[in-house]
Amino acid sequence: MDRKSAAEDILERGLFASRWLLAPMYLGLVVALLMLVVIFFRELAYYIPQMMTLSAEAVILVALTLIDLTLAANLLLIVMFSGYESFVSKFDFDVGDDRPGWMGKVDFGGLKMKLIASIVAISGIHLLKRFMEIGDPAKPEMDERMLLWLTVIHMTFVVSGVLLALMDWLQARSSK
């Protein structure tokens with residue numbers, strides 16, 4: 001009986017330690033965040049010299065592109081911090097008042113909701129950009145069929161988000 005207990009203890013400790021296998025993935029997300037920052041500034045550097053000649057619609061498209069990149073970066077940050085704290089280890093350092101309010105408070109359900117909300121927002125911005133390109137001679141590939149599919153995909157994300165929220169709400173009610 002003691003031998004089984006020792007083997008079980010070793011197995012459980014090994015399984016618990018395996019959570020650290022996620023740490024390199026979170027470091028990879030840091031690299032992805034850096035890539036988004038580089039792309040953000042590349043876009044900005046490309047459009048700043050054209051600022052005085054851009055139409056209002058073009059400026060709105062540029063702003064939407066930058067917002068899109070920023071939302072994706074925010075999403076990465078939320079996944080990195082919340083995922084690390086939920087599945088690997090708590091952050092042990094004191095950052096004082098600089099610590100984001102949601103940090104340490106977002107559980108897996110909250111992370112899931114933030115993730116789907118960000119995906120819906122990114123999809124909505126992408127769809128809005130495509131709608132604004134209707135009639136643009138520089139974008140002849142924008143046809144009704146593509147817009148229909150983009151709308152269907154966006155609505156799929158919206159419905160998925162609503163269903164996830166409903167499931168979380170139902171689960172919270174049933175556990176009371």
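Just so it is clear, none of the values below were taken in a lab; they were calculated from the coordinates. A quick note: this is a predicted structure, and the numbers were derived from the prediction, not measured. Cβ sites come from the backbone with ideal geometry, for glycine too, and all protein chains shown count toward neighbours.
Evaluate E = 1/(1 + (r/R0)^6) for LEU115 and THR53, where r is the Cβ-Cβ distance and R0 equals 35 Å; express this FRET efficiency to the nearest 0.05.
Values: r = 39 Å, r/R0 = 1.10.
The value I calculate is 0.35.
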Nearest 10 degrees, 0 to 90: helix 2-17 Cα axis against the chain principal axis: 20
Straight-distance crosslink candidates among aspartates and glutamates, where the alpha carbon sits under 16 Å from LYS4 and sequence neighbours closer than 8 are dropped: GLU12
Between 0 and 90°, nearest 10: helix 23-47 axis offset from the chain longest Cα axis: 10
Sequence-distant residues sharing a close amide H with LEU54 (under 5 Å, placed H): none
Loop chymotrypsin sites (Phe, Trp or Tyr not before Pro), the stretch 46-93, which have at most 15 other Cβ atoms in a 10 Å radius of their Cβ (DSSP): PHE91, PHE93
